[in-house]
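To start, the structure itself, in structure tokens.
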Amino acid sequence: MTDTLESREASTLPPVELREAAGAVAGTGRRGARWWSGVGLVLLIASLGALAWTPGPLVRPEGFTLVTDFLGAATTPSTDGAFLAVVGSAAVTTVAYAVLGTVVSVVLGFVGGILSSEVWWLEGRHGAARRRATAGWIAVRGTLVLPRAIHEVIWGLVFLSVLGLTPLVAVLAIGIPFGAVTAKVFSELLDESPRRPYRAALAAGTPRAIALLHTLLPVAWSDLLSYGFYRFECAIRSAAILGLIGAGGLGFQLALSLQTLNYREVWTVLYALIVLSAATDVWSSAVRRRRASGARPGNPVIRGSLVAALVLGLFSLWWVQLDLSVLVAADTWRLAGQIVTDAWPPTLDVPVFELVVAALITVAMSVLAIVLAVAGGAVLAFPAASTGAPTIGRRVRVVATRAVLIVLRALPPPVWALLFLFVMAPGLLPGAMALGVYTLGILGRLMAESVENLERRPQQALQAAGASGAAVSVYAVVPAVAPRFVAFGLYRWEVTIRETVVVGVVGAGGLGLLLNDQLTSFDYAASLTTLAVVVVLTALVDATSAGVRRSVR
Amino acid sequence: MRRVLAVIVLVLTAALTAACGGGAEPRELVISAIPDQDPQKLQRLYGALAERLTGTLGFPVRYVPLTDYAASVTAYRRGDLDMVFFGGLTGVQARQQVPGSVPLAQRDVDERFRSVFVATTASGIAPVADVAGLRSVGGRSLTFGSESSTSGRLMPQFFLDQAGVGPNAFRGPSGFSGSHDATIAVVTSGAYEVGALNSSVWDQRVAAGQVDTTKVREIFRTPTYHDYHWLARPDIDDELGAGATSRIRDALLGLRPSDPVDKNILDLFGAGSFIPTQPQNYDQVEQVGRSLGLVQ
Amino acid sequence: MTAVFTLEGAGLSYPGVTALRGCDLEISAGERVAVIGPSGAGKSSLIALLNGTALPTDGTATTLGCDFARTRTRAARRTRRQVGTVYQQFDLVEQLRVVHNVNAGRLGYWPFWKAAYSLVRPRGIDEVRHALERVGIADKLEARTVTLSGGQKQRVALARVLVQQPQAILADEPIASLDPRLGAEVIDLLNEISAEAGTTLVTSLHDVDMALSRFQRIVALRDGHIVFDRPPDAVSTGDVEELYAAPDSPGLVG
């Protein structure tokens, strides 16, 4: 993403950049970075402090036998023929949901990304027109927070009540929140693309849409596609979790076997998830690595992947028998209206204190999780990155570390939560650990990629000057990767906030548990209030992370 | 590039054709169940029940596997499910969402359903004789099963309330393990000192030697209440012909343990047989649900 | 002669920075004007006021009778189409082929579907080829822009302005990124193109000799205001020395 940033020379600053530069001097910079680190530290200390509320010892070694029971079953997964057939077909369903969900999210992300980009609203506008456009821009960006803030599972329940038992529920439950995330990323890609050609086209009287189409999209679209492949990876995991609400697929089988703690069956499903996860990872990193090294759409791997994606998309449509007619059915609209009337107006007569405590718990859990994930990811990213000469030892190290990362992210957070609950006191800690190790699996892999894509010249220069390995990492590697690691962590922080919903088992409380409780008692009006708090929280996290990223950039 | 465009057009056409291909659906009875014991067996072998009912009733019966209580109530409310084997609480919730729904049948065990409280031996909590004795659970950490479970949450919470142990009287917030088996596991691990679950699951696991009785033991068995039952939408007769509802009821009640096919189905439900039931049986559950805010 | 560009007391400032102040200028149809001055004098800002990419914060700027500050988007767009701009950094989309970058000059005349389809199959290839022939790189039609040299890129930018068929051409330091020989060729090309079609030409330049030898009128900027505005033969060596003198030590030419 960063390589599309234009190098801006002071001597040739046109007016708009002059103003930006003037603003930047007054705003962030070193002081900003220091301020944000302070905020981060306070948040972390407060979150750690929240652990002190847990009564009794935090860790209980005697519960470890239950963990070993679980781990022991890994060597003897259920291989019952009928069950394997069930799992096989569930795996295909999961892939199909993921593929279709990704398609929806890329389409939504494309449109939403343009409509929420700064270049679309502000570039080339002055005075009153600019002020009006700013209002529009903020409104669209604000609207996009809503779908992002709500977890796929909650979306699933909402769509279920409107659309009924149709595969479309899973497709939309993945597609809509992912679409909003993709929109955010795509708008940033557009905003970071070189703007001069766009500006030149506007200056020549080209309508905005056409100017964008001709000058920014050619730069950003391949990044969007490769991001789509990354989203597909996430969608596989998400489809698995969605199964928990009965959307079918591997998650459903996992939920069933987990209910009776049939670990051997659980492992069969987990192996299926691990294989799927590994396969999509390999595929999507192959595509993205080609992109990062500047390959064009004509590259055989990229072209082959696009064709494969297309075939997979058609197959998925056929496999899940997607029936879109339900979208226009009168019943659907009636039910949608009914939900709205049930939920509106939201309950205002809520125990404010309870909501605030729940929000704080959610924040604390997410902060601990993300700190754990970033720290662990930063440690594992280096052994997981294949850099340097491909010796056998290195290759073994890379494959082994990556395998660990894959397992960490292939096990859904509820499974992790149960395992951590076996050995920890109920409360924040097992929840944070569960989300932390899961996110670590995701971040470690992204971080490894960014280590691989690192500019080698500064390191080589230091090595040539006779610097030790440690000195090279301190002076050349750490400064280069640290901002990216922080940026990844901040992106994921937002996701972690919303994922606290799925680790209710740890008994930590929080907004997720509250929401779950309200939804199971069909109290839509109260749910809406809780959701509003989640949305506000997400918006705050969003603003914070944007501020931090600006200051470390 | 042109080829890519052509393929995109193709995909869209295919999708739209698929979308419009819905057409007239055959009249069928769509059923689902969220059983309390070994749900995966029933959910994966659901063909048996659907086939058996189709054979008796003469119209197609389709079984939809689901695991989530809220999801099944939602689907029922929407009309995607015609008949569901609900728990006591979810049945009440569903009846409220779809007024006029008819409880058709229950299992023989559901008439005298009980929950058990279990505790770690390390906690030193002694077995108690009556509901009032549950006072000793106050101040301990406690986990329920699933949020919407009657036997794993609603009724235990009710009896705790009767003993004067309110929702905030535990050490830390109470947990929701997600299932009866998970409750046994997390209590065995010591994560929670006390757990509440379905008595028949407990009895079965203890009998099968799957519970480490040196670590966890039963401390109280609650009084009886009504739990699971088949609930049918009021519009089944309109959809499938007059008398369809009572024919379905008869089919359920007619499952004989002596018949090997029927026996297999009853076993999947953990039932000796299905017996009649009536709406009043769930008044207590409804009342409790209301007082706990789980029924609006 | 009708005025193509008019500035009346025009100023342009941002919080903390004043780029232009009190500029009065009138440029008539067919004139060929060079804007000179030291770095930071406001040359780029002046060009920006003329093509409407910036609005004056004081006074008024009028382009082909249109005051961008008081004109609705659609009408402003019609005026913009009549003004072609060439930039120092060419402002081409490097990822696209040359033909698309040239076509970018007339996107303002195309409906959306045509513009979109053109990315798949380029429209109006003949005119593009003709324009590229005119700037001397006819063979680069299908080339990917990123593979071109700086001089070739600036020629693509000129071809882009050619297909736009504007009434006025603005050039913002068009040769600052090129070596002197290429620079002279590009300036000559700009002058020829303008002369052929009777197009008004306003170029900002830091090469004073180039400005004096090839333009009819010299506008000198310093510290955001116009120091002098006269024909090249009326510009003395002293004028130039004073224009480029270091601010705090007059007499020292740096």
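The values are calculated or read from the model by the stated rules, or taken from the named source; none is laboratory data. What you are looking at is a predicted structure, and each value in this text was computed from that prediction instead of being measured. No Cβ is skipped: glycine too gets one built from the backbone with ideal geometry, and neighbour counts run over all protein chains shown.
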- Query: Which numbered condition trips up C:Phe90, out of (1) at pLDDT 90 or above; (2) not in a helix (DSSP H, G or I); (3) not polar (S, T, N, Q)?
  - Reply: (1)
- Message: Regarding segment B:42-63, can at least one residue be identified that is more than 14 Å from every other protein chain (Cβ to nearest Cβ), basic (Lys, Arg) and closer than 21 Å to B:Leu197 by Cα?
- Response: no
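Got a sec? Which of A:Phe422, A:Phe353 is without any contact (Cβ under 8 Å) to a residue 24 or more places away in the chain, within 14 Å of chain B (Cβ to nearest Cβ) and not hydroxyl-bearing (Ser, Thr, Tyr)? Even if it seems obvious, please write down each step before you answer.
Numbers: A:Phe422 fails: without any contact (Cβ under 8 Å) to a residue 24 or more places away in the chain.
Result: A:Phe353 is the single residue among A:Phe422, A:Phe353 that is without any contact (Cβ under 8 Å) to a residue 24 or more places away in the chain, within 14 Å of chain B (Cβ to nearest Cβ) and not hydroxyl-bearing (Ser, Thr, Tyr).
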- B:Phe158, sole failed condition from (1) of a type outside the set (S, T, N, Q); (2) in a helix (DSSP H, G or I); (3) on the phi > 0 side of the Ramachandran plot: (3)
- Note on the structure: Among helices (runs of 4 or more DSSP H) completely within segment C:157-254, the ones holding 2 or more residues that are over 22 Å from C:Gly30 (Cβ atoms) and not charged (D, E, K, R) are C:180-197, C:237-244
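Could you tell me whether any residue of segment A:36-53 is in contact (Cβ under 8 Å) with a residue 60 or more places away in the chain, within 14 Å of another protein chain (Cβ to nearest Cβ) and in contact with a helix residue (DSSP H, G or I) (Cβ under 7 Å, 6 or more places away or on another chain)?
Checked segment A:36-53: at least one residue is in contact (Cβ under 8 Å) with a residue 60 or more places away in the chain, within 14 Å of another protein chain (Cβ to nearest Cβ) and in contact with a helix residue (DSSP H, G or I) (Cβ under 7 Å, 6 or more places away or on another chain).
Rundown of residues vs (1) assigned to a helix (DSSP H, G or I); (2) away from every other protein chain (no Cβ under 14 Å); (3) closer than 30 Å to A:Ala343 by Cα; (4) touching a Ser or Thr at 6+ places or on another chain (Cβ under 7 Å), yes/no style:
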site	(1), (2), (3), (4)
A:Ala461	yes, yes, no, no
A:Val474	yes, yes, no, no
A:Glu494	yes, yes, yes, yes
A:Ala532	yes, yes, yes, no
A:Val536	yes, yes, yes, no
A:Ala546	yes, yes, no, no
A:Arg549	yes, yes, no, no
- Query: Could you say whether any residue in segment A:440-455 is touching a residue at least 40 places away in the same chain (Cβ under 8 Å) and closer than 23 Å to A:Leu360 by Cβ?
  - Reply: no
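Could you list, in sequence order, the residues of segment C:60-87 that are in a strand (DSSP E or B), out of contact with any Pro (no Cβ under 8 Å at 6 or more places or on another chain) and within 20 Å of C:Ser44 (Cβ to Cβ)? Outline the logic, then answer.
At the first step, the residues of segment C:60-87 found to be in a strand (DSSP E or B) are C:60-63, C:66, C:83-87.
Still in the running and out of contact with any Pro (no Cβ under 8 Å at 6 or more places or on another chain): C:60-63, C:66, C:85.
Listed by number, the residues that qualify are C:Thr60, C:Ala61, C:Thr62, C:Thr63, C:Thr85.
Anything in segment B:175-205 that is assigned to a loop (DSSP other than H, G, I, E, B) and either touching a His at 6+ places or on another chain (Cβ under 9 Å) or surrounded by fewer than 24 Cβ atoms within 10 Å (Cβ to Cβ) (or both)? List them, or say none.
We begin by selecting, within segment B:175-205, every residue assigned to a loop (DSSP other than H, G, I, E, B); these are B:177-179, B:190-193.
B:Gly190, B:Glu193, listed by residue number.
Could you tell me whether segment B:210-217 includes any residue that is part of a strand (DSSP E or B) and either under 19 Å from A:Phe422 (Cβ atoms) or touching a residue at least 60 places away in the same chain (Cβ under 8 Å) (or both)?
Looking through segment B:210-217, at least one residue is part of a strand (DSSP E or B) and either under 19 Å from A:Phe422 (Cβ atoms) or touching a residue at least 60 places away in the same chain (Cβ under 8 Å) (or both).
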- Message: Based on this model, can you work out whether C:Ser194 counts as touching a residue at least 12 places away in the same chain (Cβ under 8 Å), of a type in the set (Ser, Thr, Tyr) and farther than 18 Å from C:Thr85 by Cβ?
- Response: no
- Query: Within segment C:118-154, how many residues are part of a helix (DSSP H, G or I) and farther than 17 Å from C:Gln95 by Cα?
  - Reply: 13
- Message: Kindly evaluate C:Arg144 against the criterion of being touching a Leu at 6+ places or on another chain (Cβ under 7 Å), surrounded by fewer than 18 Cβ atoms within 10 Å (Cβ to Cβ) and either on the phi < 0 side of the Ramachandran plot or modelled with pLDDT of 95 or more (or both).
- Response: no
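Right, C:Leu49: away from every other protein chain (no Cβ under 14 Å), touching a strand residue (DSSP E or B) at 6+ places or on another chain (Cβ under 9 Å), surrounded by 20 or more Cβ atoms within 10 Å (Cβ to Cβ) and among the hydrophobic types (A, V, I, L, M, F, W, C) or not? Let's see the steps before the verdict.
Working: away from every other protein chain (no Cβ under 14 Å): no; touching a strand residue (DSSP E or B) at 6+ places or on another chain (Cβ under 9 Å): yes; surrounded by 20 or more Cβ atoms within 10 Å (Cβ to Cβ): yes; among the hydrophobic types (A, V, I, L, M, F, W, C): yes.
Judged against the criteria, C:Leu49 is not a match.
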- Could you tell me whether any residue of segment C:148-161 is in contact with a strand residue (DSSP E or B) (Cβ under 6 Å, 6 or more places away or on another chain), under 30 Å from C:Arg78 (Cβ atoms) and not charged (D, E, K, R)? yes
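Checking the conditions here, which among A:Leu202, A:Leu146, A:Leu160 is aliphatic (A, V, I, L, M), surrounded by fewer than 23 Cβ atoms within 10 Å (Cβ to Cβ), touching a residue at least 24 places away in the same chain (Cβ under 8 Å) and farther than 23 Å from A:Asp223 by Cα? Talk me through it step by step, then tell me what you get.
Values: A:Leu202 fails: surrounded by fewer than 23 Cβ atoms within 10 Å (Cβ to Cβ); A:Leu160 fails: surrounded by fewer than 23 Cβ atoms within 10 Å (Cβ to Cβ).
Being aliphatic (A, V, I, L, M), surrounded by fewer than 23 Cβ atoms within 10 Å (Cβ to Cβ), touching a residue at least 24 places away in the same chain (Cβ under 8 Å) and farther than 23 Å from A:Asp223 by Cα holds for just one of A:Leu202, A:Leu146, A:Leu160, which is A:Leu146.
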- Message: If I filter segment C:33-46 down to residues being part of a strand (DSSP E or B) and touching a Ser or Thr at 6+ places or on another chain (Cβ under 6 Å), which single residue comes out as farthest from the other protein chains (Cβ to nearest Cβ)?
- Response: C:Ala34
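So which of B:Ala242, B:Ala208 ends up being outside the structural domain of B:Met83 (by TED's automatic domain parsing), out of contact with any strand residue (DSSP E or B) (no Cβ under 6 Å at 6 or more places or on another chain) and surrounded by fewer than 18 Cβ atoms within 10 Å (Cβ to Cβ)?
On the way: B:Ala242 fails: outside the structural domain of B:Met83 (by TED's automatic domain parsing).
Every option except B:Ala208 fails the conditions.
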- Note on the structure: The correct count of residues that are modelled with pLDDT of 90 or more, hydrophobic (A, V, I, L, M, F, W, C) and either within 19 Å of B:His180 (Cβ to Cβ) or surrounded by fewer than 24 Cβ atoms within 10 Å (Cβ to Cβ) (or both) in segment A:235-269 is 2
- State all residues of segment A:55-73 that are closer than 17 Å to A:Phe420 by Cβ, assigned to a helix (DSSP H, G or I) and either free of Cβ contacts under 8 Å to residues at least 24 places away in the same chain or not acidic (Asp, Glu) (or both); if no residue qualifies, say none. A:Pro61, A:Glu62, A:Gly63, A:Phe64, A:Thr65, A:Leu66, A:Val67, A:Thr68, A:Phe70, A:Leu71
- Message: Just to be sure before I move on: is A:Glu152 among the charged types (D, E, K, R), under 30 Å from A:Trp283 (Cβ atoms) and out of contact with any His (no Cβ under 8 Å at 6 or more places or on another chain) in the structure I sent?
- Response: yes
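Can A:Leu490 be described as within 29 Å of the chain's Cα centre (by Cα), in the same structural domain as A:Ala448 (by TED's automatic domain parsing) and in a helix (DSSP H, G or I)?
On the way: within 29 Å of the chain's Cα centre (by Cα): yes; in the same structural domain as A:Ala448 (by TED's automatic domain parsing): yes; in a helix (DSSP H, G or I): yes.
Judged against the criteria, A:Leu490 is a match.
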- Can you tell me how many residues in segment A:217-269 are touching a residue at least 24 places away in the same chain (Cβ under 8 Å), of a type in the set (Val, Ile, Thr) and within 14 Å of chain B (Cβ to nearest Cβ)? 5
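Among the candidates B:Asp181, B:Asp227, B:Asp161, which residue alone is within 14 Å of chain A (Cβ to nearest Cβ), in contact (Cβ under 8 Å) with a residue 12 or more places away in the chain and acidic (Asp, Glu)? Full working, then the answer.
On the way: B:Asp227 fails: within 14 Å of chain A (Cβ to nearest Cβ); B:Asp161 fails: within 14 Å of chain A (Cβ to nearest Cβ).
Answer to the selection: B:Asp181.
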